[in-house]
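Report on the following structure.
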Amino acid sequence: MAHPQLENGHTRIANEVLEHLIRVHLSPNQWQVLLCIIRKTYGFNKKVDYIANFQIVEATGLGKEVVSRCLRGLTDMNLLNRNKKHIGIQKDWELWKLAISSTIGTKLAEQTTSEKLAISSTELAISSTELAISSTELAISSTKVSSPHVAQKKKETIQKKLYKRKYGEFNNVLLTDEDYAKLKTKIGEQQSEDLIERLSCYMEQNPKNAKKYTNHYATILNWARRDGGNDNGKYKGNPSQKPAGAFSDIIETD
């Protein structure tokens, strides 16, 4: 029979932070990762600590890829502060990018008529560069919404479909979950990761040329096809005769 005691160890966290955390809508996996970070920082009276992904994998039982995806999502929402492997929770809740979720939830709970359940596109608008969700898709019809739960579920479904996550060393390669899954299916997980890193490095080194890559999924897929059998783009022949698809001179259009 479990018999936990405070004197055996406890985690101190400000009530104000907890009060705002309980109003934020996260996936079950994201909650596991967030609680793990809180335990490994505040649980040792630290604001940040060096936490490797495998430590989170062991603590939560989640897969490595799931943990990486959750960390990217929580960082994008500004719930976490990350400097490489040094991670800590962002306790300034006013900086959380999804704090809007709690506002929407409160307003939905207070609304009683079906007409008030129609949420304006202005209230639901989230940065188009990160979520790429149109206000039309987020507008919830009063004839279709029967409860706050239904409204939130529909909103989360749209976000999951269109939300572009940041990949690569410099967090500048944008792919939806569907794009990422399709890449792994078409060209394999290892080659997908390799090409994501190449695109990330190239755009970081060539910011002016990077603007033409409007569709990162198409760019990576195009590179993979043009790479063909050239040993993952490392052409070993005469440099003057290397094929147009070789990656050593990555100047492609998407």
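No value in this document is a laboratory result; all are computed from the given coordinates. Since the structure is predicted, the reported quantities are computational estimates derived from the model, not experimental observations. Ideal geometry is used to build each Cβ from the backbone, glycine not excepted, and the neighbour counts take in all protein chains shown.
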Original post:
Among 16-28, 191-203, 57-69, what's the highest-first ranking by average C-beta atoms within 10 angstrom per residue?
Top reply: 191-203, 57-69, 16-28
Original post:
Fully extended, how many nm does the chain gain between Phe44 and Lys84 (0.36 nm per residue separation, minus their Cα-Cα distance)?
Top reply: 12.4 nm
Original post:
For Phe170 and His3, what does the FRET efficiency come to when R0 = 51 Å and r is the distance between their Cβ atoms, rounded to the nearest 0.05?
Top reply: 0.55
**OP:** Once you have the Cα-Cα distance between Leu35 and Thr11, take 0.36 nm times their residue separation minus that, and quote the gain in nm to one decimal.
**Re:** 7.6 nm
